[in-house]
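Okay, structure first, notes after.
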Amino acid sequence: MILQTGLRTDIPAFYSRWFANRLQAGFVCVRNPYNPVSVTRYTLSPDAVDLIGFCTKNPAPMFPYMDLIAPYGQYWFVTITPYGKDIEPNVPEKEYAVT
């Protein structure tokens, strides 16, 4: 299974602790956005998850959890935009993001 994060929200930037807790618990429950009554429980063990895809504008909050995600295949898609703090106050400076 491929676990794609960041399609609904920037999980690495804003919910890294929650995501780490879900990995430690070994599962996550996901509500169907088209049928709110329908909730699916997904297993998050390294045996079930082949790859975790991270889409983010700020990967730094996930850095403390790198040992936790090490057993998983992973790719990181980090978006860098030309906007300043007036538009994106929670995004790190471009110079920091590219290093």
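The values are calculated or read from the model by the stated rules, or taken from the named source; none is laboratory data. Just so you know, these numbers come straight off a predicted model, no measurement behind them. Counting neighbours? That spans all protein chains shown, and the Cβs are built from the backbone with ideal geometry, glycine included. To get the accessible areas, we keep the full protein, side chains included, count just its heavy atoms, and leave off ligands, DNA and RNA. Shrake-Rupley method; radii C 1.70, N 1.55, O 1.52, S 1.80 Å.
Selection among W18, Y42, V91 by position relative to the dipole of the chain gives Y42 as farthest towards the positive end (Cβ unit charges, Cα centre).
If only the Cβ of Lys and Arg carry +1 and only the Cβ of Asp and Glu carry -1, the dipole of the chain around its Cα centre is close to 340 debye.
Against the main long axis of the alpha-carbon atoms of the chain, helix 16-25 sits at an angle near 20°. Here's how it looks for L44: its modeled amide H is under 5 Å from those of F27, V28, which are all 5 or more places away or on a different chain. A simple spin-label model places pseudo-atoms 7 Å from Cα toward Cβ; at N35 and K85 they are separated by 4.7 nm. Rolling a 1.4 Å probe over the protein heavy atoms gives the chain an accessible area of 66 Å² per residue.
Using the Karplus relation 6.51 cos²θ - 1.76 cosθ + 1.60 with θ = phi - 60°, the per-residue 3J(HN,Hα) values for the stretch 83-92 come to 6, x, 5, 5, 9, 10, x, 9, 9, x Hz, with x marking Gly and Pro. A convex hull fitted around the alpha carbon atoms of the chain yields 114 Å³ per residue. Taking other residues whose beta carbon is less than 15 angstrom from the beta carbon of F14, and scoring Lys, Arg as +1 and Asp, Glu as -1, yields +2.
Over the chain, Cα pairs under 8 Å with separation of 6+ residues give a relative contact order of 30 percent. Scaling the Cα radius of gyration of the stretch 38-87 by the globular reference 2.2 N^0.38 Å produces a ratio of 1.49.
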